[in-house]
Structures are given as C-alpha cells and as structure tokens.
Amino acid sequence: MAMIVRKGTLPSTPHTEFYAIPNVLAREEIHGSYGFSGAWSRKLHVRFYPTEQVKPPRKGEFDLVPEFPAEADVLQPYHIFTGRIPFEGDALSSRKPIVHGPRTSISVSKPTKSMPNDTFFRNGERHEVYFVQYGEGVVRSEYGDLKFRKDVYVAIPKGTTYRIDLTSPNAWFLVVESIYPITFAPHYLNKEGQATLMSPVVETEIETPELPPFKDARGEFAIDVKHSGGKITRITLGHHPFDLAGWEGALYPFVFDIKSHHGIAREIHTAPPMHQTFQSGNVPHSGFSLCSFVPVMAGWHPREVPAPYAHFNVDSDELMFFCNAFYGAREGVIEEGSFTFHPGSTPHSPQGNAAQRSLAARGKVQARLAVMLDTYFESMRITTQGFAFRDPDYVLSWSEKIQRAQPVGEGWESPSA
Ligand SMILES: [Fe+2]
C-alpha cells in the first residue's frame, strides 16, 4: 500500500463547482512497482475546468527532441563535461538532452533565472527526477510548493503541471526521464510499502509539497506540454492552473536528499545494489536502477581491494554523474560534473595503478558523491548537445600510453566526508 497524502481543504467560496480528475493507472501497468509516491491514482480537486483553453494550442517556441551526431553510431564510452555547459535561460529553456534512449533520457539544465511569470511545464510522456548539483528554489505545482536545494533529488511524476523558481543566482540540474514511474526500489520495502529496517532509504525522510491557498486568477496561463518524443505544444488556460482546493492520492512530487541514502558498509566490497535509491520499470527487465554513491566506509578486510574490478554489464548501459572529483576509480580523469556513459557491450574499470592505490582506502570514508544509472535492455545514444561537451580522449583514458594529470589528495586519498 502506498502512503496516502491528503492536502488542503475545500474552500468556502461562492465557487462550488469542483472537478475531480481521475488518473488511475492499472496496477499491471506499473509492473508491480511499490513506492512512497506511486502511480496508483491521484485526484486533483480544482475550482475551474482545467480544460478551458482560451487560445488554440500552438507549436512551442522550442522543443526537446534529441538530435544525434553521426559519431553516435560508433560504439565507444563517452565522458561529457557537464560542468562546462554554460548557464543560461530558465530551467526549461536551458534543458539539453545529453544521452537518450527509447525509454530513458538524461538532460542537463543550468538556469540563471526563474521560468517566466504565468508559464508552466508539463511532461506528458515521461516521469522525471531532477538531481540538484547546486542551487536553490521552489518547484511550484498543483500539489503545492516544494523547496529544493543542493544535493537533493526532486521526483516529478508525468503529467504534473509545474514551474521552477530560483532563489539562488543560478542552478545546475541533472534531469532523468523515464516512460515508467520512478519509485523507491521495492526490495527495500515490506508488503505494506514501508521501508524495512535494513533499507538505506526510509519513507519518513521524503519531503512533500506544501499546498498554499488556491490561486484565484483569470488571465492567460501558458503550459508547455512535452509529448511525442520531445515535441512541445503550448496550451493556454484562462484560469491559473493552481486553483486547487486540495488533492489526494499516492502520486505526487517529492524531494529526497541524496545524503538521506544511508550507505551500507561491509568488510568486503559492497556491490551497487546497496547503493540503489530509485528504480523505474520492471527491474531488471526494463527501465533502470538509479544509485547514490554517498560517502561510506570502504571495506576493511585486510585483503580487501576497494577499487572496483574491471567489468561490463551485459544487459545495461552504465551512466554516472560525478558530483565531485573525489572518485578514486577514475582519479585524474573526471572533474565536478563529469558524466560517463559506458555502453553495456564494452568493459570498463579503474585505470593505471588505481587498484594498488586503493588499498590505502581500506576502512576509510571518502568524500565521493555520485549518481549512477544502469539501464536494462536499453541502449542509449549520445546526443549532439552531449557530444559537443565530450572528452575527446576518454576512450583512451585506460591506455598506459596516455599521460593524464594525476591530482594529489583526491580520489582514494580524498578528504573524509
Ligand atoms: Fe561500472
């Protein structure tokens, strides 16, 4: 059973007309996923009909349709310097897809301002999770105001009408999209949907929207709706879309702090399933697992090798966003905001003498912080915008013939968290 949240009360106003929008997905459609915010049902009790368009819909002023360079057809691992993507625009206009697949996509958004007044966004085709690399602000939706800050995930279900207001000079988001609902991993939950005592994530640590008084406003309110593979259609309502009396249901946006993923340490290497925060789809048959690599004590067994071994995930493409450069396995290669893309059909590993150097990390807590996503039976492609910020030498970064800068005091010798 998912957690049920009820927000708001019916207002005592002359407007007595309420409209309930059922958005009920059959349980089979969510592939047995459990979660604290799941795609079971939701009802929005609004005061005016949200179907009242006062202008004909028109093509948006931009689109989010990914484009691919010819080089994307050559199989190779990629490294994208997302830190070098410029800050510009608002959270939506700044959004650039960097890798894309039929069911999963990842974009980067680095806005410098809030979205324009009275404009909103609705992703009509994919569920979203934003990871906030930095910045502060508020996601305003029909569910209420949801504050965000550095190092949090913001989960926004498909179909939510929202806008993003910044309260900091700029922000930096990694945006993950999936055609499937994005939920906490079901193996952490009991039959009632509560986190088990061994779970690294706990439902009581999510943050939910605060519903403000309803917006009783007439005018023109533009909603840019994403559909049909990234196309944008602008629809214009005659009433503010947040004229809600309240809402109820088990599908709503929420915030989860990556530091609330309480890492699990063992005397030997702890494999990535322990780092899983979210999943999407019918894992491990479709969708993805999303992992949080938080500071945690490395294995302390006297024969432990903290560096991961060379591997490839035959059914998965592996995508990783490095929140800082303190990642021993790729020391000297990555920087803050590095995003690596390892196709499932090619192996990867630490490079050089990283395994030897990692022995010094036994029993120590490093300051690493990273978000990783493994797709299942889905091949991703680098987009033109991702390709423009790639590390052209990345595929050679394991070569002993290539000398790269080796920063001291980072990676395996990183400051303790
Ligand atoms: Fe890997």
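Side notes on the structure shown:
- Region 56-195, relative contact order [Cα under 8 Å, separation at least 6], %: 24 percent
- Square roots of 5 times each gyration tensor eigenvalue, C-alpha, region 167-218, largest first, Å: 30, 18, 14
- Proximal lysines to LYS147, defined as alpha-carbon separation beneath 30 angstrom and excluding residues fewer than eight positions away on the same chain: LYS7, LYS43, LYS96, LYS110, LYS113, LYS158, LYS215, LYS226, LYS231, LYS259
- Kirkwood hydrodynamic radius computed over region 143-182 comes to 12.0 Å, based on all pairs of distinct alpha carbons.
- Within-14-Å neighbourhood charge of ALA310 [Cβ basis; K, R +1; D, E -1]: 0
- Considering only PHE131, PHE120, TYR78, the residue lying farthest towards the positive end of the dipole of region 75-144 is TYR78, judged by Cα position with unit charges set on Cβ.
- Summing charges over all other residues whose Cβ lies under 15 Å from the Cβ of THR346, with Lys and Arg as +1 and Asp and Glu as -1, gives -4.
- Loop GluC sites (Glu not before Pro), region 186-253 (other Cβ atoms within 10 Å of the site Cβ: 14 or fewer; DSSP): GLU192
- With an a/c value of 1.5 or above and a/b larger than b/c for the gyration tensor axes a ≥ b ≥ c computed over the alpha-carbon atoms, region 148-254 is described as prolate.
- Unit Cα scatterers, Debye sum, region 121-208: log10 I(q)/I(0) for q = 0.13, 0.20 Å⁻¹: -0.48, -1.03
- GLN356/LYS401 FRET efficiency (R0 22 Å; Cβ-Cβ; nearest 0.05): 0.70
- Neighbourhood charge, 11 Å Cβ-Cβ cut-off, centred on PRO86 and excluding it, Lys, Arg +1 and Asp, Glu -1: +2
- Gyration tensor (alpha-carbon) shape descriptor, region 218-299, a/c threshold 1.5: prolate
- Karplus-based coupling profile of region 123-138, in residue order and whole Hz: 8, x, 10, 9, 6, 10, 10, 8, 9, 8, 5, 7, x, 9, x, 9, with θ = phi - 60° in 6.51 cos²θ - 1.76 cosθ + 1.60 and x standing for Gly or Pro.
- Along principal axes, Cα extents of region 237-353, largest first, whole Å: 64, 30, 30
- Relative contact order for region 61-124, counting Cα pairs under 8 Å that sit 6 or more residues apart, in percent: 29 percent
Every read-out reported here was derived from the displayed coordinates using simple, explicitly stated rules and does not represent laboratory data. Quick caveat: nothing in here was measured; it's all calculated off a predicted structure. FYI the Cβ positions are ideal-geometry reconstructions off the backbone, even for glycines, and counts take in every protein chain you see.
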